[in-house]
1. Work out from phi, with θ = phi - 60° and the Karplus expression 6.51 cos²θ - 1.76 cosθ + 1.60, the ³J(HN,Hα) of each residue of segment 366-383, listed in order in whole Hz, and give x for Gly and Pro.
2. Using alpha carbons only, how many degrees (0 to 90, rounded to 10) separate the axis of helix 293-306 from the longest principal axis of the chain?
3. For segment 349-361, what does the Karplus curve 6.51 cos²θ - 1.76 cosθ + 1.60, with θ = phi - 60°, yield as ³J(HN,Hα) per residue in whole Hz, taken in order and with x for Gly and Pro?
4. Between 0 and 90 degrees, rounded to the nearest ten: what's the tilt of helix 415-424 against the longest Cα principal axis of the chain?
5. Tell me, what HN-Hα J-couplings in whole Hz come from the Karplus equation 6.51 cos²θ - 1.76 cosθ + 1.60 at θ = phi - 60° for each residue of segment 7-21, using x for Gly and Pro?
6. Based on the Cβ-Cβ distance from Ala316 to Ser291, what FRET efficiency comes out when R0 is 30 Å, to the nearest 0.05?
7. Name the residues whose placed amide hydrogens come within less than 5 Å of the amide hydrogen of Ala407, ignoring near sequence neighbours (fewer than 5 apart) on the same chain.
8. Quick one: what do you get for segment 168-251 if you divide its Cα Rg by 2.2 N^0.38 Å?
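Where a number appears in this text, it was derived from the coordinates with a stated rule and is not lab data. Keep in mind the model is a prediction, meaning the values are calculated, not measured. Please note: Cβ atoms are built from the backbone with ideal geometry, for glycine as well, and neighbour counts cover all protein chains shown.
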Amino acid sequence: MSQFINGKLADGSTSETVDVIDPSNGKTIRTITLAGSDDVKQAVQAARDAFPAWSRATPGERSAVLTKFAALMEERAEEFAQLESRQAGKPIRLTREFDVPGTIDNIAFYAGAARNLEGKATGEYSPDHTSSIRREAIGVIGSISPWNYPLQMAAWKILPAVAAGNTIVLKPAEITPLTSLLFAEVATEAGVPDGVINVLTGRGSTIGAELLRHPDVDMLSFTGSTSVGRTVLDAAATTAKRVHLELGGKAPFVVFDDADLEAAIHGAVAGSLINTGQDCTAATRAIVHRSLYEKFIEGVADLYAKVKLGPTADPATDLGPLVSRKHQETVAGMVDRARGYARVIGGGIPEGDLAGGSYYRPTLVADATPDSEIFRDEVFGPVLAVTPFDTDDEAIELANDTPYGLAASAWTKDVYRALRATREIRAGAVWVNDHIPIISEMPHGGFKQSGFGKDMSTYSFDEYTVVKHVMFDLTGQQAKEWHRTIFTLEG
């Protein structure tokens with residue numbers, strides 16, 4: 001079963017199939033039938049039919065369902081951890097300690113946030129009128145989530161939308177749809193009405209395109225590459241759809257001369273290798289003061305060499321495979337090209353027991369010039385490019401010298417330097433003396449070509465609600481007065 005429509009699992013209506021493959025060993029987990037146009041029509045209609053009742057449910061009613069949902073997810077946490085680990089090639093320790101607990105916390109957060117969805121207080125902005133602001137659900141949301149965090153990104157799309165009273169049709173990546181389908185099942189078991197959450201497994205060129213064109217889809221939320229994001233924007237313009245985009249990143253990791261070097265080295269390793277580097281907020285560009293440069297490279301290279309690659313089911317494994325052989329080839333190609341212009345330390349495709357999976361060793365690319373491919377373009381793998389700087393002005397300039405602006409970090413003991421960095425680095429999140437921590441209460445979203453709009457936090461409700469102005473005449477006479485003022489009326 002590869003689709004979840006109107007509260008029920010079903011197969012896709014096409015004859016096209018895709019194998020969901022475990023990237024750690026290349027073995028097929030499940031073969032699924034992809035969705036087609038008929039499935040899109042059914043799912044959108046189910047969401048449209050469910051919208052009136054769900055949008056009129058009280059905040060307390062929606063909150064109660066989400067609270068039960070969080071409890072059921074807690075009960076089935078190990079099932080989700082195992083399934084996410086297998087389909088996405090994540091070490092089981094990561095899914096147990098990060099992906100699944102983070103998703104459960106996100107559900108619990110929105111269970112509370114659903115009860116605090118407010119407009120603006122009533123006010124008299126005209127002598128004879130009173131005004132108020134209603135914040136209302138938009139309608140049917142079409143969402144497209146990526147393969148790097150299948151469960152968490154499904155939650156980031158679904159939860160704020162349904163907590164605000166919308167209904168949703170989610171298209172997960174066709175190579176990693178299994179936890180999104182299970183997520184929708186458990187939500188329905190918790191009491192989310194049929195049709196509120198629908199999941200279609202299909203290709204972006206068909207299902208995503210149809211969701212963009214469909215007149216009954218009121219908004220499209222997309223997480224993925226910047227190049228595809230531009231296509232989404234172009235297509236959405238034809239129906240004037242509201243759009244939310246979370247796109248690529250090339251996060252700078254700025255190490256000033258007064259930084260705690262040991263902390264920065266450990267932060268760089270964790271920040272660059274999280275999820276095997278397949279994270280748009282991962283540390284990918286280390287910009288290091290020249291006085292610390294070689295020691296930083298030596299320290300990171302030493303820790304990289306100690307990182308344990310292994311089977312994803314082994315709790316001792318630090319680093320899992322890349323998502324696919326195709327992506328492994330892409331990462332390897334970028335690193336191989338960098339050998340012609342930079343100092344490459346580590347890296348390479350392992351042999352032996354790991355040869356059956358799409359693994360790639362942690363890679364440090366030192367002396368990467370700011371205009372080089374490895375320093376400017378997304379690698380989306382366990383690769384950290386490093387370049388030196390001499391002055392604070394140069395560090396800030398290098399940090400901002402990118403079309404992306406999703407995340408960044410600054411490493412310093414000087415509060416004034418930290419304040420300057422957080423003010424002047426153009427990114428949606430700037431961490432100080434840490435890299436990549438996220439929490440449900442704080443927003444996630446970018447500047448520049450990293451997109452616009454926010455996931456998580458109550459700020460996400462700005463994406464999934466529309467503001468309505470309501471005005472009352474307090475005298476019962478204002479219509480007559482306006483007519484006399486604007487028109488000359490006889491009789």
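1. 8, 6, 6, 6, x, 9, 7, 4, 5, 8, 9, 9, 5, 9, 6, x, x, 10
2. That works out to roughly 90 degrees.
3. Result, rounded to whole Hz: 8, x, 10, x, 4, 8, 5, x, x, 9, 7, 8, 6.
4. 60
5. x, 9, 7, 7, 8, x, 8, 9, 9, 7, 10, 9, 8, 7, 10
6. Numbers: r = 37 Å, r/R0 = 1.22.
According to the calculation, E is roughly 0.25.
7. Counting only residues 5 or more places away or on other chains, the set is Lys250, Gly428, Ala429.
8. Numbers: Rg = 13.8 Å, N = 84, 2.2 N^0.38 = 11.8 Å.
Relative to the 2.2 N^0.38 Å estimate, segment 168-251 comes out at 1.16.
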